[in-house]
1. Can you tell me which lysines have their Cα less than 22 Å from the Cα of K162? Leave out same-chain residues fewer than eight positions away.
2. Pull up the DSSP beta bridges for segment 103-260 and report the antiparallel fraction as a percent, rounded to 5.
3. Per 0.36 nm of contour for each residue apart, how much would the distance between Q4 and V267 grow if the chain were fully extended, relative to their Cα-Cα spacing?
4. Under 5 Å between amide H atoms, partner at least 5 residues away or on a different chain: which partners does A266 have, H built in plane at 1.01 Å?
5. Treating the beta-carbon of each Lys and Arg as +1 and of each Asp and Glu as -1, no other charges, what is the dipole magnitude of the chain about its Cα centre, to the nearest 20 debye?
6. How many angstrom separate the Cα center of segment 1-58 from the Cα center of segment 215-261?
7. Using θ = phi - 60° and the Karplus curve 6.51 cos²θ - 1.76 cosθ + 1.60, what whole-Hz ³J(HN,Hα) does each residue of segment 244-253 get, with Gly and Pro shown as x?
8. Per residue of segment 109-119, in order, report the coupling 6.51 cos²θ - 1.76 cosθ + 1.60 (Karplus, θ = phi - 60°) as ³J(HN,Hα) in whole Hz, putting x for Gly and Pro.
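Laboratory data are not the source of any read-out in this text; all were calculated from the coordinates shown. If you're wondering where the values come from, they're calculated on a predicted model, not measured in any experiment. For neighbour counting, all protein chains shown are included, and Cβ atoms are generated from backbone atoms with ideal geometry for every residue, glycine included.
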Amino acid sequence: MALQASVTVLVENTVRARGMCGEHGLAFWIEWGERRLLYDTGQGLCLARNARKLRVDLASTDTVVFSHGHYDHTGGLGVVLDSGARPRICAHPAAFEPKLVQRADGQIQEIGLPAPVAERIHGEKLEVVHSEKITEIAKGLFVTGEIPKTTDFEAPSAAFLKDEQGTLDPLVDDQAVFFDTDEGLVILTGCAHAGIINTVRHVQSYLSGRRVHTIIGGMHLAGTPVSRLEATVRALEEIEPARIGPAHCTGIRATTRLWHDMPEAAVEAIVGSRWSYLVRS
């Protein structure tokens, strides 16, 4: 019997519905049969409010997956714990390392896992699953682990650093969530720092022969050079997903371009967006 699943956007930059809020961040609520999982948690500013409005019971969360270690994807874990949930945490080990960014004005800022969140993970002795490679977190539901870099146009940003001495952070902790349905592969991304095409190809290599049905999430194309944007759009058109929902860090220019070039596939991925699936057994 096919498993029923759904994906709801709990946190994202954009919101239209009354009584909910948007923030620079991302969180997906995944209902997976009897399981309840969060893929990212946002910063923590809007998670509880949006969950109440969308009738999501955060206390039932059994697993939290971090797409990577940046604050806008991990900062809301405290909200989840305050609900009474004691989820296991699934993350690449590098998600817990120091993370900084150098802004355009030269200022260096910390953007990693907030200290209070790290303290609660350790202090409350939450189970931590290190996902350095593809890991099955529920039957048929996977995280990619570290994503191989195979394209020649998705180099890591030089703005992301490991320390104030300027050591480049390659963001090896970046990971996506994916699963297979009768219609094809569904891929959820937090920021796709590894490159959205690298991400999709990695999933395709694991489940060879399966078409990609859905790509939803951040694609980190805001402010990207035109050459990279052009190459990315061409590659996505070749992949031909039936549904593509650029969100969060994709940026207005790239989102507009995808909506223009892929009008039949493009969908909104904003607070409250929800999709249902029948998962292949």
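1. K99, K133, K149
2. Numbers: 12 of 22 bridges.
Once the DSSP bridges in segment 103-260 are tallied, antiparallel ones form about 55 percent.
3. Details: separation 263, 0.36 × 263 = 94.68 nm, distance 2.13 nm.
Stretched fully, the Q4-V267 segment lengthens by 92.6 nm.
4. Hits under the 5 Å cutoff: I244.
5. Values: 28 positive and 35 negative charges, 146 e Å.
The calculation lands at about 700 debye.
6. Taking the Cα centre of segment 215-261 as reference, the centre of segment 1-58 is 22 Å away.
7. Coupling constants for segment 244-253: 9, x, x, 9, 6, 8, 5, x, 5, 4 Hz.
8. Karplus values, whole Hz, x for Gly and Pro: 10, 6, 9, x, 3, x, 3, x, 5, 4, 5.
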